[in-house]
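Values in this text are rule-based calculations from the coordinates and carry no lab data. Quick caveat, the model's predicted, so the values are computed rather than measured. All Cβ positions, glycine included, derive from the backbone under ideal geometry; neighbour counts span all protein chains shown.
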């Protein structure tokens, strides 16, 4: 009876933790979305396009400078937390902090050195070199914030994770609203608001972690074998991060080179509208991965795929409805001046249908221990996106970018499905149900 209650409590905790993560992510995206609504009301289409390019540079630099460490931090902190080994846990946090500080300094230094180049050739305005320098400090703070949030996840302390996201969101939205109220909203003040946001977020996260910086710096990192495993894991995640980040940012970056700033704005608005929907879908995907990982027979995995398909079909219907309502959504939220975002938005919602259908197969691949399939999918998707952009963007602009996004999602689904069939045929998992002849993971 006691064991049954403990199992029930564990499942309840999983549900509440998943809900907190989803709420946190939805809150962050919702605040960004509302902030964009204020921005588009005051900024011109061209100025908003320049802001979108600055934001793209910021996220790309921050994600690549992380070098796969966040996922590694979560994994190793969770491992040592489960073993009640506080010394090793703090050792890996200290080692990660030192690496993050080096990455932050390198990112800031390189963005300063190449600020004029980035302003001239990415944003098409040399006067924006000062903005690039300010954004570089945002990237540095985001790297440190990512470390602390990874620690929260590793400790399964999702209350602190939620609190850190909530404070970050409130500070940013309040700043944007005040600037809007005083008619002071410009690209420069938005960048300053982002800098304030990143600084406050880093400080709050550091406080919530509850480990003084002085103690971390005085602590010796984990043993050499642990550090080696940590670095190996980070390198694999870094490789995946390169493919996935370049794929998701390629459209905006190449739009800025091959078309006009207006086309960047139209595509970014479509992208902003799809993000909340994508967030819900990806959160469900994250929840399903550990569920599949617990299944110890191929028969169970196949049955779970069948059950998940019911939800996938419902999601497909929702995406088709979103395609039909895209025009209304754009005009209500952003006005008629963004009518050119409607067709790209419709194409991107249609593309999300394929993303939804990858969920059961990606989750199965996770259970079958075939992560290399994810890297293959990201690599092929990146190549297809770049080729498609060069062929389509000059003639079709934002519509062409949306179509390459569609192609990338289709490739992701096909690779996941073929990869699952291949892995299932070669799997050593049993085909029974709960009998003694079923092999275990």
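General remarks:
- Sequence-separation-based contact order of the chain, relative, with Cα cut under 8 Å and 6+ spacing, percent: 20 percent
- Förster-model FRET efficiency, 30 Å R0, residue 395 and residue 321, C-beta, rounded to 0.05: 0.50
- Under the simplified labelling scheme, the residue 41-residue 314 pair shows an inter-label distance of 3.5 nm, with each label point 7 Å from Cα along Cα→Cβ.
- Distance (nanometres) between label positions extended 7 Å along Cα→Cβ at residue 113 and residue 232: 3.2 nm
- For 102, 205, order by how many other beta-carbon atoms lie within 10 Å, fewest first: 102, 205
- By the count of other C-beta atoms within 10 Å, a proxy for reagent exposure, 33, 403, 162, 182 are ordered fewest to most as 182, 33, 162, 403.
- Calculated semi-axes √(5λ) of the Cα gyration tensor in Å (choose from (i) 35, 24, 19; (ii) 60, 27, 22; (iii) 35, 29, 21), label: (iii)
- Residue with peak Gaussian network fluctuation, the chain [Cα springs, cutoff 10 Å], from 416, 87, 169: 87
- GNM result for the chain, Cα springs below 10 Å: residue of 148, 405, 180 fluctuating most strongly: 180
- Note on the range 16-222: the C-alpha convex hull projects to 11.7 nm² when averaged across all orientations.
- Residues residue 421 and residue 386, FRET efficiency given R0 of 25 Å [Cβ-Cβ distance, rounded to 0.05]: 0.35
- Inter-probe distance in nm under a simple model that places probes 7 Å from Cα toward Cβ, at residue 102 and residue 196: 3.5 nm
- In plain terms, the chain from residue 414 to residue 302 could stretch by 38.6 nm, reckoned as 0.36 nm per residue minus the Cα-Cα distance.
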